[in-house]
Amino acid sequence: MISLTLYYVLMAICGLGSVVAVFLAIVERDMLKAVLFSAIQSTLYAFLYYLLMAPDIVLTYIPVSVGLYPAVILFLIKKTERFEDVEMKKGVLWATGLLSLVFVIATAAVIAGKGIGPVPPPDVRFLAGWYLATTFNPRVHLISAMAPEGVTSIVWDYRGLDTVFETAVLFLAIIASVALMRGVEHKGVYDELKHGMTLIGKTITKIVVPLIIGVGISIALHGHLTPGGGFQGGSALAVAPLLVLVVFSKYFFDKVKFTKTKALAIRSSGLLGVGLTAFAVLIAAIFLHKPAYILQNQPRVGAPLGFPWKGIDGVLLGGSLLSFNACEAMAVCAGFVILFLLLSIPERYVRSVVVGGEEHEH
Amino acid sequence: MDPVTNWVLVILGEILVSIGVFFDVVAAIGMLRFPNFFVRLHAATIGAIGGAFVPLMGVALIAAGCDFLGKYRWFIAGAAAVTGVLVLMLAPVGSHLLAKAAHESRAAVVEPKVVDFLEEDKAKEGGEQ
Amino acid sequence: MSTEVLSFLFSIVFMSMIVNTALALYGVLARPSLVKKIIALTILGDSANTFAIMVGFRQPSGTNPIPPVLLWKPTPSNIRYFISHAVDPLPQALVLTAIVIGLAVTLFLVFLTIQIYRQYGTTDVRKVAKLRG
Amino acid sequence: MMSLENEVLLFITIVIPIFLAAFIMYIVRALKGPTIPDIVLAVDCLSYDLAAFLALLSIYFRSPILIPCAIVLALWIYALDVYVSKYLMKKEMGE
């Protein structure tokens, strides 16, 4: 019992720490400090997700909120302005911060004392029990996804249509951002001494980038067996090009001739792969004159075709999940790379195209 | 593996984790009490190498000895060792980049400052050119 | 007694998410800087995601819950243990896509903010509103 | 004679509060930190130690699949260092 109490103490400390971090992030005038406080909050949230037994979320959340998101905001404040133009009274701030902490503890005490509180229930809802029972169960093959990873099965099999449309939202957001920067092109010559950071940083980044790519690919391809999957692997992979962009400078990409168009081609082939996997069983069924569904993974009632779920020597393949994960990782990673390539163009070159040469005085 | 090897591995790992925890607390106290950024870098070194690399190696040993985890203990052991090696490589470089940038941009306040050789060397170089 | 202690500690997490949501809403609605609005918006999204994951959490008697991944051979007894100990995978699956899409939308907002700065020379919404006329 | 499992779990139970004390001190420094490099340094240390702690907890919870979180945390916090130090330099982020 003592160990369970410790488990919940860890959670409570994460919660209280995140309140302080969020408070400081919101009231801080200096945006750089606000981003760092937000990174502390992200680390604490990641630990909280770990304690809530959501390793999939941790694997997505850490690359996104520690690896990508501070970088994006730092790009933004380097291009715009760093300080917010508001005046806050110090005494009022301290009082508000203390009040919110006291509010948290007092309300929690009231909730627990009255017995109305959110004690975690010993059981999950019926639907969750059904998902857990059928995710990997060869005895009920006709309703099972045949992959041991519950989250990935829901993402790409049970609720696959949702995920396909969410991929479409992702695609539209990226297309809209590219449209805002249309016509902007800039190329330079890479100079090892002038561009980028110090030699020590460059050398270690050279070692680390293959490691990051390896970790990202393994997260993406083991998504049907262990925590991981297309979104997790893709957002983990996207940190590698961003690191190269910051440490070696944008001109390194010009040197190795990796352009926006190539990233767009990778992204399109990833999306094409997602589409083909969704229709693969249907296309095969048309040639074999049998009924089938869109987004079909395993054989269903009245639709006897399906992806193989077991390879040689009993290796689990996860049916269509493996292919979906690989293609989605490609699409997500390349999509973010396009945006970073656009963000990294120095402002003086962009201004001449977008504003038409007219300079503001500030 | 036989029980004796398991016990030896677990006890070795526990010793390493204990050392790591001690370094961790020491580094945290130093982080809190030291006067400025460049002094706190020392505490950060202890916190990253002594407080993360050593316990990660200890965790790898403990996991290798824990037969109640089944065959997955090798997964934990390998991943913990890989994480330890990563920390060993990344932490010093991160501190180096941060210290260099902080010195260059004067972002950190150096309150009880005795001597700054890097600044003097830079001034000399600038004078010669 | 011990259930009350656990309930108190879990309620602290719950209440701190509510306070975080309130603080983030204040940041989105009341602060003038567009950059601050973006930062607050991501904090708001993260707190909402945490609520969703906490809905799927459970506490089997005496032990800790396990992640929704079946590690053993799918025999009936293993599956029964898995059903009685694993947390709800559905909120996790929904939050997973929400995080990545949230990042894409944030990137779009970043591009919009840079464009506003190029046009008006400021990221302060009060000044942008004045300059429009 | 104590069994191996009980011994390991007892040891981890004893170690958790000490780790926790260190984390709270790091968080205080990170939230107080007068300058920006101080905050980044404290977040750095916090994350590396958190990675070690997560690895220890995955033995404690007996869920081996929780361990990749530790690798990811240790890898990505390096990126935060790089971004902030690049920001503090005089160049633009992409140069």
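Build a GNM of chain A with springs between Cα atoms under 10 Å apart, and of A:R300, A:R125, A:R348 the one that fluctuates most is A:R125. Near the amide H of C:I66, within less than 5 Å, lie the amide hydrogens of C:A86, C:V87, all on another chain or at least 5 residues away, with H placed in the peptide plane.
Shape class of chain A from the Cα gyration tensor (axes a ≥ b ≥ c, square roots of the eigenvalues): oblate, since a/c reaches 1.5 or more and a/b does not exceed b/c.
Using mean Cβ contacts within 10 Å as the protection proxy, how do D:36-42, C:8-14 order, highest first? All intermediate terms of the calculation are to be shown ahead of the outcome.
Working: D:36-42: 26.6, C:8-14: 23.0.
So the order, starting with the most tightly packed, is D:36-42, C:8-14.
For the peptides B:52-59, A:95-102, residues were scored by their other Cβ atoms within 10 Å and the scores averaged per peptide; the highest-first order is B:52-59, A:95-102.
Annotation: amide H-H contacts under 5 Å for A:K310 (H modelled 1.01 Å from N, sequence separation of 5 or more, or interchain): A:L317. For the residues of A:209-222, the average number of beta carbons from a partner chain within 10 Å of their own beta carbon is 2.
Basic side chains Lys and Arg get +1 at the Cβ, acidic Asp and Glu get -1 at the Cβ, and with that the dipole of region A:125-362 about its Cα centre reaches some 380 debye.
The chymotrypsin sites (Phe, Trp or Tyr not before Pro) of region A:279-318 that meet both conditions, a loop assignment by DSSP and at most 15 other Cβ atoms within 10 Å of the site Cβ, are A:Y293. In this Cβ point-charge picture (+1 for Lys and Arg, -1 for Asp and Glu), the protein assembly as shown has a dipole of about 1360 debye about its Cα centre.
Let me know the charge dipole size of chain C about its Cα centre in debye, to the nearest 20, where only the beta-carbon of Lys, Arg (+1) and Asp, Glu (-1) is charged.
On the way: 11 positive and 4 negative charges, 135 e Å.
So the magnitude is around 640 debye.
Scanning chain D for trypsin sites (Lys or Arg not before Pro) in DSSP loops with at most 15 neighbouring Cβ atoms within 10 Å leaves D:1-89 as the longest stretch between them.
Send over a whole-number figure in Å² for the accessible area per residue of the protein assembly as shown, probe 1.4 Å.
Here the residues of the protein assembly as shown average 39 Å² of exposed surface.
For chain D, the 222 nm mean residue ellipticity estimated from helices alone, with every DSSP H stretch of n ≥ 4 adding -39500 (n - 2.57) and the total spread over all residues, rounds to -28000 deg cm²/dmol.
For n ≥ 4 DSSP H runs only, could you compute -39500 (n - 2.57) per run for chain A, divide by its residues and tell me the 222 nm figure to the nearest 500? All intermediate terms of the calculation are to be shown ahead of the outcome.
Numbers: 14 runs with 234 residues, N = 362.
The per-residue figure over chain A is -21500 deg cm²/dmol.
If you wrap the Cα atoms of region B:3-128 in a convex hull and average its projected area over all directions, you get 9.9 nm². A simple packing score, the average count of other Cβ atoms within 10 Å per residue, orders the peptides C:120-127, A:217-224 as A:217-224, C:120-127, with the highest score first. Per-residue shielding of C:120-128, expressed as the average number of other chain Cβ atoms within 10 Å of the residue Cβ, stands at 3. Accessible surface buried at the C:A interface totals approximately 9200 Å², computed with a 1.4 Å probe on protein heavy atoms. Between region A:301-347 and region A:120-197, the alpha-carbon centres lie 9 Å apart.
Using just the helices of chain B, give the 222 nm mean residue ellipticity in deg cm²/dmol: DSSP H runs with n ≥ 4 each add -39,500 (n - 2.57), and the total is spread over all residues, rounded to 500.
-26000 deg cm²/dmol
Is there a simple number for the mean count of other chain Cβ atoms within 10 Å of the Cβ of residues in A:274-286, and what is it?
Working: counts 0, 0, 0, 0, 0, 0, 0, 0, 0, 0, 0, 0, 0.
Across the residues of A:274-286, the mean count of other-chain Cβ atoms within 10 Å is 0.
The values are calculated or read from the model by the stated rules, or taken from the named source; none is laboratory data. Quantities reported herein were computed from a predicted structural model and do not represent experimental measurements. So basically every Cβ, Gly included, is an ideal-geometry build from the backbone, and we count neighbours across all protein chains shown. Please note that ligands, DNA and RNA were not included when accessible areas were found on the heavy atoms of the full protein model with its side chains. Shrake-Rupley method; radii C 1.70, N 1.55, O 1.52, S 1.80 Å.
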